[in-house]
Amino acid sequence: MPEPLLDLRAIDAYYGDFQALFGVSLSVNAGEVVAVIGANGAGKSTLLKCIAGLLPTRHGDIMFGGAPVGTAPAFEMVARGVALVPEGRRLFPSLTVEENLMIGGQAGRPGPWTLDRVYDLFPVLAERRHLRAPSLSGGQQQMAAIGRALMSNPHLLLCDEISLGLAPIVVRDIYAQLPAIVADGLSLIIVEQDIAQALKASSQVNCLQEGRIALQGAARELTRERISAAYFGV
Amino acid sequence: MNRVVHATKSSRVGVALIAVALVVLASAPYWGDRQMLRLLAEVFTFVTLASLWNLLAGYAGLVSVGQQAFVGLGGYLLFALAILFEVHPIAAILIAGPIAAVVAIPVAVLIFRLRGAYFAIGTWVVAEVFRLLASQVSVLGGGSGISLPAAVVIAMAPTRQLREFETYWLALTLTVLVLAAIVALLRSRHGLALTALRDNEVAAQSCGIDVARIKFFVYVLTAFGTATVGALIFLQKLRISPDTAFSVNDWTAFVIFITVIGGIGRVEGPIIGTIVFFLLRQVLADLGSLYMLTMGAVAIVVMLWAPKGLWGLIAERFGWQALPLQRRLITALKLKDPGRKS
Amino acid sequence: MQWVNVILQGVLIGGLYAMFAAGLSLIFGVMRLVNIAHGDLIVLAAYVALMLTQTLGIDPLSALLLVTPIMAAVGYALQRGLLNRTLGDDLLPPLLVTFGLSIIIQNGLLELFTADSRKLQAGAIEIQTFQVAEGVWVGLLPLIQFAVAVVVIAALQVVFYRTALGRAFRATSDDQSVAQLMGLDTRHVFAMAMALSLAVIAIAGVFLAVRANFDPAIGPARLIFGFEAVIIGGLGSMWGTLAGGVILGVSQAIGAQIDPGWQLLAGHIVFLAILAVRPEGFFPKVSG
């Protein structure tokens, strides 16, 4: 069996003195789509921050591409092939849509994702390429944020609550593009509070509850009941 | 009735020590020589200037690199009142403060339009304007300055020794008054607001504290105090010129270094800082500009690695407070465990 | 015609002030840092140019080509080694550290070079003038300096809006942590911004040295002129900074014409008046 692309081994994470993650273990294989679900405050965003290099972990190891991550900062993780679509989009307000995409590609990693390919994926961005980011709608901003992350040609894409604040039809449209995004073997971790879309798109489900993995397994093997139980901690 | 207690164990010791020190210092003319008196008066001056700057920057968050504007203004007001209006020099010192406060009002209205570091440079511009205006006033010596006429000097006291005693006691009194006023302010309701402001401006605002008004008030109050000290400084020097009155080095650089090294945002900081400053000066005095260079380097090192200054380090390590500025609420009710006999 | 000459001179020196301001404005835009030592670094550049011309026997223009990369390297090291540590939410550390730096530079220069007035000799070009119109004369050197100032500001605009580095500046200024997520090492981005600022300072410093006498103490005044130009022009706008510099230069020139002692005062008064009446400046792009 090939080594997993990402291997988290019993990691703890803290914000100051407050412990947010307790011995979390998780692995993602190349080309896999993994969902991480859980209630507000369960630690999902924290988990992604640790993987992306924004938050150092205190115990345990993170292995990426077979090599230990250690205390690599965020900009190094990008060079290694990890890209994060942050919660709330967080596009750069003084840059245009196109400039936001170009900055995503500034790390210069080789790969299939170019400006043209992102515009093919999300044509509405091409129409608005010279507009400043704040003038886009929520759904368009989300597309731009995803495109921006793709521009760094990552091996692993982390999506933090893509559906947050968006109308269901918009969410559906964005998730409809997921197959095109993972077509070249890109791995994906989807973090969502809204579990319906996440479950449909992924092959592996992890449920976080107060910083701990409450449930972990293949999506088709887990029943609705078990997932709800783990989500709500019943 | 609930009441607020300000004293702590260490502050009681601190106050006692300060009281003893004051008695010793007040009697200095009887046991110290001329040089000692001059040195002590200089120390008092810097403690006062630094304490006022600390109030402005450390508590109200208004970092000014232009307080020399008011030092010089105070000095020039003294000379103007004494020479042109024949006011007794000591009365002139007392009048200089209020006049400076009035001047500070339109100044504040103008420069409060700037924020942060731009505000700081704005205060510098104001000081420059004062300096240039002073150079234009020919009745007070214009660009080369003027000396205090003999008649005015004699009016203070008939002998030189008496004059020196007088200025010494004035300096000590002024320092004690300013520090007492600062402590009183900090113990008051406004002081609580100021401390909140120091810790977190946005949070203070969301508690309903009128941040703008407090800052304005503190700025004008500090101008009052600084100008009064300025008047006293130049009474001692007996001579004034635009460059000495509005010198950035003397009245701002040293003051900032003192406060940073001693500890910003704590009342004890400027006192400690002044002591360190004068000790360093004794050691490095003959090195000229190398001395300033060292001060600058020390200030940078302290700012980066011990941002709370020397007193900050001590206070955090040992929990000391030299002055009663803490607030503890003593509730009148003593809760009894219902299951126990009291 | 006298007044036309006066105003023209004011406009031309405005270019120099705009260069003082451009470096200041750049740093504030990228990292919200105001460098109190800015003026002293201009003077430092002047002394470096002086040393180069004296030891290598070269002319000021060649010295400029050397001073610029030297100062840029100094800027990179300064930011990376010292100033990056001061950045954060508290405004006290960067202000006080750069103030300390200002004092250190002034006194260091004083120790090395004494308080004697110096000047960089540029030869015949310094006194060359030519006639623009009936009774209106323009100095060649001031004109060149103004032209260079315009070119520098245009170049900065190009860097900011058309290069990857400029994108990095703007992104980092918008959102530091997301910029990191884009693969940008923000420590490096800030250091590059400071290097660019010092490169502009170097050009301004050499021009200052050629134009007038200089000594270790004149730094703060240059900082103030740059600052006033930024505020008059409006925060965040490079071309506004040029306009601000020109307005300041013209105010000073008119003041000097009325009475020599009024030169600086006139500039300050115009600045304060604009602060009172139109605090956002004439061409603002961002708010403080």
Quiz item: Does residue B:119 satisfy the criteria of being crowded, with 18+ Cβ neighbours inside 10 Å, at pLDDT 95 or above, within 14 Å of chain C (Cβ to nearest Cβ) and assigned to a helix (DSSP H, G or I)?
Solution: no
Exercise. Pairs only if they're at least six apart or on different chains, beta carbon under 6 angstrom, first in the stretch C:231-254 and outside any helix (DSSP H, G or I), second surrounded by fewer than 24 Cβ atoms within 10 Å (Cβ to Cβ) and hydrophobic (A, V, I, L, M, F, W, C); list them, first residue then second.
Key: C:234/C:282; C:234/C:283; C:235/C:286; C:236/C:286; C:237/C:283
Quiz prompt | Qualifying positions in the stretch C:109-135 - within 14 Å of chain B (Cβ to nearest Cβ), farther than 23 Å from residue C:57 by Cβ and touching a residue at least 24 places away in the same chain (Cβ under 8 Å) | solution = C:110, C:115
Practice problem: Identify the residue in the stretch A:73-88 that is more than 7 Å from chain C (Cβ to nearest Cβ) and among the small types (Gly, Ala, Ser) and, among all such residues, is farthest from residue A:134 (Cα to Cα). | Solution: A:81
Quiz item: Which helices (runs of 4 or more DSSP H) sit wholly inside the stretch A:55-136 and have at least 1 residues that are in contact (Cβ under 8 Å) with a residue 40 or more places away in the chain?
Solution: A:74-80, A:97-104, A:115-121
Exercise. Inspect all residues belonging to the stretch B:100-116 and state whether any of them is among the small types (Gly, Ala, Ser), over 19 Å from residue C:273 (Cβ atoms) and within 14 Å of chain C (Cβ to nearest Cβ).
Key: yes
Quiz item: Are any of the residues in the stretch A:181-194 closer than 20 Å to residue A:49 by Cα, surrounded by fewer than 19 Cβ atoms within 10 Å (Cβ to Cβ) and within 17 Å of the chain's Cα centre (by Cα)?
Solution: yes
Quiz item: Has the stretch C:222-235 got any residue that is small (Gly, Ala, Ser), within 14 Å of chain A (Cβ to nearest Cβ), at positive phi and in contact with a Lys or Arg (Cβ under 9 Å, 6 or more places away or on another chain)?
Solution: no
Quiz item: Which condition number does residue B:222 fail, the rest of (1) surrounded by fewer than 17 Cβ atoms within 10 Å (Cβ to Cβ); (2) of a type in the set (Val, Ile, Thr); (3) within 19 Å of residue B:76 (Cα to Cα) being met?
Solution: (1)
Quiz item: out of contact with any Phe, Trp or Tyr (no Cβ under 7 Å at 6 or more places or on another chain) and part of a loop (DSSP other than H, G, I, E, B), is that true of residue A:164?
Solution: yes
Quiz item: If residue A:6 satisfies every condition in (1) buried (at least 23 other Cβ atoms within 10 Å of the Cβ); (2) within 13 Å of residue A:155 (Cβ to Cβ); (3) out of contact with any Phe, Trp or Tyr (no Cβ under 8 Å at 6 or more places or on another chain); (4) of a type in the set (A, V, I, L, M, F, W, C) but one, which is the exception?
Solution: (3)
Quiz item: In the stretch C:265-274, how many are in contact (Cβ under 8 Å) with a residue 24 or more places away in the chain and surrounded by fewer than 20 Cβ atoms within 10 Å (Cβ to Cβ)?
Solution: 1
Quiz item: Looking at (1) surrounded by 15 or more Cβ atoms within 10 Å (Cβ to Cβ); (2) within 14 Å of chain B (Cβ to nearest Cβ); (3) not in a helix (DSSP H, G or I), which is the only condition residue C:138 fails?
Solution: (2)
Quiz item: Can you name every residue in the stretch B:299-322 that is basic (Lys, Arg) and away from chain C (no Cβ under 13 Å)?
Solution: B:317
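The values are calculated or read from the model by the stated rules, or taken from the named source; none is laboratory data. Everything numeric here is computed off the predicted structure, so don't read it as measured data. No Cβ is skipped: glycine too gets one built from the backbone with ideal geometry, and neighbour counts run over all protein chains shown.
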